[in-house]
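Below: one structure, written as structure tokens.
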Amino acid sequence: MTVEERYEGDIRLITISNKHGMSVEVSNLGAGIVSCVVPDAEGRLADVALGYRKLRDYDHDGPCMGKTPGRYANRIAKGLFSLDGKEYHLAVNNGPNALHGGPEGFQNHLWDVELLPNGVRFTYTSADGEEGYPGEVKAQVEYTVEENFNRLNIDLRATTTAPTVINLTNHTYWNLRGEDSGSALSHLMTMKASRYLPTDDTLIPTGEMAPVAGTPMDFTVAKELGKDIEQDFPALKYAKGYDASWVVDDWAPGKYQEAVVTLEEPLSGRKLEIGSTQPAAHVYTGNWLTGSPLSKNGKEYADYGGVAVEMQGMPDAPNHPEFPSQVLRPEETYHQIITFTFTAQ
């Protein structure tokens, strides 16, 4: 195991490598994944995480490429929620809604860095009132790599000085054929999720947890991402593809489950199994990647060039008491785990 650090101005980049060919580079700008190199079935290495040629392009980018959005990942309706009888007004930055914590969310800040023997710990202190959220929050994102097999672990923690809401995730876009290899819609996806969250046309959940059976949202058996993407179905029409949350089967607070979502890429033989303690899997098929900053190889990304699988709390949960709570109180510690396990055959 090696952990190496380099600087580009005030951006710190840490590369974590194991003996099986896996190499992950992460950045203190947004506590994000910049690259993830893994072997295919023939042992050939490729970077399977989308990213930019210029590091400064990660600053306030629309796709939130690879980063840790917060204080609340995903959407809160109209930027409003009430907690303990008080209404809070958030920055609105996605149509009528608040998205990923607002325009100055966690993803657009430089985090503090602490190197670990097998990874790195990023920390960020969010001031009371930042983007309208109550309480001073101390957030921590820890990336570690296993030595004996190709797994990246993400450990998410936070504490607060006052009751608040929080929802942290990782927003990497994956293309298991290689980050510059075109559309990811030929990837096969399987999910341990028999229900999804229908939304209005601004992608705010209605509160219903609807069965996926008989709909284009059914990935309970392996299916190409692009197979049903053009069907006349509300979730797909609203978002020009998949940009929706699924309810993780058999979820319970603190319960970790392996392979909640599995991605497979037939040509390379690569497979990615995503495990988590989180109650929802939000899948976004990169429907608006056109116009993003140039890729690491200087190419232009097109729509559907990668798929983000964001294990997280449910969108707009502060306004839906029927959803698992995302409230964090001073006596508690927010703690969630996400794992990315790569194999090839």
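The relative contact order of the range 157-250 comes to 29 percent, based on Cα pairs under 8 Å that sit 6 or more residues apart. In sequence order, the range 331-345 has phi-based couplings of 7, 10, 10, 6, 8, 9, 10, 10, 10, 10, 10, 10, 9, 8, 7 Hz under the Karplus curve 6.51 cos²θ - 1.76 cosθ + 1.60, θ = phi - 60°, and Gly or Pro positions carry x. Scalar couplings 3J(HN,Hα) for the range 71-77, obtained by applying the Karplus form with A = 6.51, B = -1.76, C = 1.60 to θ = phi - 60°, are 6, 10, 5, 6, 9, 10, 4 Hz; x denotes Gly and Pro. P(r) tail, the chain: Cα-Cα pairs separated by more than 35 Å, 15% of all pairs. By DSSP, the beta bridges lying fully in the range 102-198 are antiparallel in about 100 percent of cases.
Length gained on full extension, Ser325 to Leu55: 93.7 nm, using 0.36 nm per residue less the C-alpha separation.
For Glu332 and Lys237, what does the FRET efficiency come to when R0 = 30 Å and r is the distance between their Cβ atoms, rounded to the nearest 0.05? Approximately 0.15, to the nearest 0.05. Normalised per residue, the accessible area of the chain is 38 Å², obtained with a 1.4 Å probe and no contribution from ligands, DNA or RNA.
Over all Cα atoms in the range 198-247, the spread is summed up by Rg and Dmax: 10.5, 28 Å. Under a Gaussian network description of the chain, with springs only between Cα atoms under 10 Å, the residue in Phe233, Phe81, Phe122 that fluctuates furthest is Phe233. Share of carbon and sulfur in the accessible area of the range 210-345 stands at 51%, probe radius 1.4 Å. Karplus-derived 3J(HN,Hα) values for the range 16-30, using 6.51 cos²θ - 1.76 cosθ + 1.60 with θ = phi - 60°, are 10, 10, 10, 7, 9, x, 7, 9, 10, 10, 10, 10, 6, 7, x Hz; glycine and proline are entered as x. The sum of -39500 (n - 2.57) across all DSSP H runs of n ≥ 4, divided by the residue count of the chain, sets its helix-only mean residue ellipticity at 222 nm to -500 deg cm²/dmol.
Apolar share of the accessible surface for the range 72-209: 48 percent from carbon plus sulfur atoms, 1.4 Å probe. Comparing mean-square fluctuations of Pro96, Pro315, Pro69 from a GNM of the chain with C-alpha springs under 10 Å, the top value falls on Pro96.
Which residues in the range 209-242 place their backbone N less than 17 Å from a point set 7 Å from the Cα of Asp200 along the Cα-to-Cβ direction? Once the point is set 7 Å along Cα→Cβ of Asp200, 209, 234-235, 238-239 turn out to lie under 17 Å by backbone N, inside the range 209-242. Per residue, the Cα convex hull of the range 1-160 amounts to 124 Å³.
For Ala244, the amide hydrogen comes within under 5 Å of the amide hydrogens of Val283, counting only partners 5 or more places away or on other chains and with H modelled in the peptide plane. So how far, in whole Å, is the C-alpha centre of the range 1-30 from the one of the range 91-120? With the range 1-30 and the range 91-120 each reduced to a Cα centre, they are spaced 18 Å. Partners of Lys227 within straight-line reach, counting lysines whose Cα lies under 25 Å from its Cα and excluding those fewer than 8 residues away in the same chain: Lys192, Lys237, Lys240, Lys271.
Of the trypsin sites (Lys or Arg not before Pro) in the range 236-345, the ones in a loop by DSSP (not H, G, I, E or B) with at most 12 other beta carbons within 10 Å are Lys255.
The values are calculated or read from the model by the stated rules, or taken from the named source; none is laboratory data. Predicted model, so just to flag it, every value in this text is computed and none were measured. Neighbour counts run over all protein chains shown; Cβ positions are idealised from the backbone, glycine included. With ligands, DNA and RNA removed, areas are computed over all heavy atoms of the protein, side chains included. Shrake-Rupley method; radii C 1.70, N 1.55, O 1.52, S 1.80 Å.
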